[in-house]
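Colleague: The structure is given below, and queries will be raised subsequently.
The values are calculated or read from the model by the stated rules, or taken from the named source; none is laboratory data. Just so it is clear, the structure is predicted and the values come from calculations on it, not from any experiment. When we count neighbours, we look across all protein chains shown, and the Cβ atoms used for this are built from the backbone with ideal geometry, even at glycine. Keep in mind that these areas ignore ligands, DNA and RNA; they rest on the heavy atoms of the full protein, side chains included. Shrake-Rupley method; radii C 1.70, N 1.55, O 1.52, S 1.80 Å.
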Amino acid sequence: MSNISIQSVSKRFPNGFEALKGVSADIAPGSFTIILGPSGAGKSTLLRLMNGLETPTVGSVCIAGEMLGKANLRKVRSRVAMVFQQFNLVERLSVATNVLTGRLAHRSWAGSVFYLFRNEDMDIAREVLARVGLTDKAWSRADKLSGGQQQRVGIARALAQRPKVILADEPVASLDPVSSEEIMTLLREICDRDGITVVVNLHQVDLAKRFADRIIGMNSGKIVFDGSPEQMTQPVLRTIYQREGIEDDNSLDMALAYA
Ligand SMILES: Nc1ncnc2c1ncn2[C@@H]1O[C@H](COP(=O)(O)OP(=O)(O)OP(=O)(O)O)[C@@H](O)[C@H]1O
Ligand SMILES: [Mg+2]
């Protein structure tokens, strides 16, 4: 298990835009954290910093006490798996082959290029597919599956990596409410049973309240709330989702009326 430590991180993109402004957070091993915030708040940027897909302009990110840098990028990526909104599967390949690509982080360059997998990898693929309930779909083409099933393949691929951390960037944004519930339940179960640290970016306040141990609220590149679901009251939600320069924001009132 590993903790994630984000220390005074700012991120300025080459075009000059500052997407993160002095963000600090320590994420405990085995915890389930959900990041909420309006579009453009910096949620994806923060998640991408946690596996080295982005580098901070100022500050540092440590995983299990080790600071992320060029030298340990490969090692960190093998321990920190990603789950995406659009699943990022290779559509024409089988479910099992997609899952096996999760093993590539542990393989040599040549093995990766020629998609050579060991028997041990096949055992892992079988195990993780059973875990997400897709044993019978192992040899189906990925693009023949429903969105909910494709996301389960995405999670199986992440699990095949044997990660310490799973980062999920809006994993249910493309799914119907029932599939969303199933995916969130699966992620929560993986956290509880395997002790994997899970960090999820979401737009669904109700799901965040029900599934998270801890909610981090972001607005304009800053953390504006960090607490338990119980602490995320209506005034807190207003702070998270408020829009700059809009005094009486009817849309904000309407959006949060039943949150
Ligand atoms: N490579 C980049 N170059 C310049 N600006 C960027 C880059 N990547 C992101 N941004 C900007 O940084 C801000 C934060 O982006 P980010 O994707 O982290 O937001 P987000 O909270 O994930 O939003 P959403 O909810 O829409 O996914 C946005 O204004 C975005 O346009
Ligand atoms: Mg995003």
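Colleague: Assuming VAL61 fulfils every condition listed in (1) away from ligand 2 (no atom under 12 Å from the Cβ); (2) in a helix (DSSP H, G or I) apart from one, which condition is it?
Modeller: Of the numbered conditions (1) away from ligand 2 (no atom under 12 Å from the Cβ); (2) in a helix (DSSP H, G or I), the odd one out for VAL61 is (2).
Colleague: Does VAL80 qualify as being over 20 Å from the mean Cα position of the chain (by Cα) and open to solvent by less than 30 Å² (accessible area, probe 1.4 Å)?
Modeller: The answer is no for VAL80.
Colleague: Same structure again: It is to be established whether one or more residues within the stretch 30-39 are under 25 Å from VAL236 (Cα atoms), in contact (Cβ under 8 Å) with a residue 40 or more places away in the chain, open to solvent by 30 Å² or more (accessible area, probe 1.4 Å) and more than 12 Å from ligand 1 (Cβ to nearest atom).
Modeller: Taking every residue of the stretch 30-39 in turn, none turns out to be under 25 Å from VAL236 (Cα atoms), in contact (Cβ under 8 Å) with a residue 40 or more places away in the chain, open to solvent by 30 Å² or more (accessible area, probe 1.4 Å) and more than 12 Å from ligand 1 (Cβ to nearest atom).
Colleague: LYS222 is checked against (1) charged (D, E, K, R); (2) away from ligand 1 (no atom under 16 Å from the Cβ); (3) open to solvent by 50 Å² or more (accessible area, probe 1.4 Å) and fails just one. What number does that condition carry?
Modeller: Failed condition: (2).
Colleague: VAL200 versus (1) aliphatic (A, V, I, L, M); (2) open to solvent by 20 Å² or more (accessible area, probe 1.4 Å); (3) within 30 Å of GLN149 (Cα to Cα); (4) outside any helix (DSSP H, G or I): which is the lone unmet condition?
Modeller: Failing condition for VAL200: (2).
Colleague: Which is in a helix (DSSP H, G or I), away from ligand 1 (no atom under 16 Å from the Cβ), touching a residue at least 12 places away in the same chain (Cβ under 8 Å) and open to solvent by 30 Å² or more (accessible area, probe 1.4 Å), of ARG162, ARG188? Walk me through it before giving the result.
Modeller: Values: ARG162 fails: in a helix (DSSP H, G or I).
Result: ARG188 is the single residue among ARG162, ARG188 that is in a helix (DSSP H, G or I), away from ligand 1 (no atom under 16 Å from the Cβ), touching a residue at least 12 places away in the same chain (Cβ under 8 Å) and open to solvent by 30 Å² or more (accessible area, probe 1.4 Å).
Colleague: Tell me, please, whether a residue that is part of a loop (DSSP other than H, G, I, E, B), at pLDDT below 95 and away from ligand 2 (no atom under 16 Å from the Cβ) can be found in the stretch 34-52.
Modeller: yes
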